[in-house]
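Inspection log for the structure reproduced underneath, given as structure tokens.
The values are calculated or read from the model by the stated rules, or taken from the named source; none is laboratory data. Quick caveat, the model's predicted, so the values are computed rather than measured. Calculation scope for accessible area: heavy atoms of the full protein, side chains included, ligands and nucleic acids excluded. Shrake-Rupley method; radii C 1.70, N 1.55, O 1.52, S 1.80 Å.
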Amino acid sequence: MDERWTTVTLAADAAKPHEEALHWITARAGTGIERIRVIGVDPALEARVGPAGKRVAEAVADAARAGLPDVQVEIRRHAGPFAAVLVEESDDGDLLVIGTFRSRRGSTAGGDPARVAERAAVPTVVVPDGSHPIDGDVVLAVEEPLDERAVVIAVDEAHRRHRRVTLLRAWEMPVLTRTGLTDFAEDPMRWRTRNAELLQRVTTELTRRYPDVRFHPLLVEGHPGHAIAAHTRRACLVVLGLGHVRALSGSVLHDVLRETVSPVCVVPPAAHTEAVGVSA
């Protein structure tokens, strides 16, 4: 399986952080991108930017053409709710890219980007504004079972950027229930051992399948959302598969996207393919 993104959908709106998102796209020159679709609001509602007073979507499209001169760029405008429009438009492409504010709530999706990312028809990359401290590993959040498409995205990105893949397994003790703790919670070491064994099986399997990729297993105790977000400071891209999008009604996804300092690629349920046969 080859994760090739030929048509990329980019959100653009006034006073929103689309610049970093666009920079992330243009940095991928030569990777097979053929079309960029800039999604803007109704021209009657669209603000103007820059000394020439261009409408936002036009300015973003011009910047995309300058950064990727061989790529076809088009503008599509809509009058409806922007988040719903992006979900609808995602069905006609290969990748959706959204800019997000690092210091406050909001994004080019018009609100919490997690709501768009979990409903989109294709993988969605959420790019936070501001400088990125370390251009490190590709981080793949290990779930059970692994999402095959998330694995391929992480491996392809590692190949392209000549990086290793950190296989991050974040775990925490189960909470009390009405019937008491689970058997694993009665023995913390047993719970930790189970997660360590899962991580080792995943590392062994992926090393066998991709011998030209370096894999670094990392077991972390703590709330998965916060633990994954903490490691975005040392990542060039974090990849979240189906399990982390659905986990606890999406709370892991929301936590990661609120706290991330690096781009995060989300593989939503609609883009899910068969899972890798690595399980407990």
**Report entry** Area accessible to solvent at Glu197, 1.4 Å probe radius, in Å²
**Finding:** 100
Requested in this report: Compare Glu221, Glu205, Glu3 by solvent-accessible area with a 1.4 Å probe and give them largest first, with all protein chains kept in place.
Outcome: Glu221, Glu205, Glu3
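With every protein chain kept in the model, how would you rank Met189, Met173 by accessible area, 1.4 Å probe, largest at the top? Spell out each step's value before the answer.
Working: Met189 120, Met173 55 Å².
Ranking Met189, Met173 by accessible area, largest first, yields Met189, Met173.
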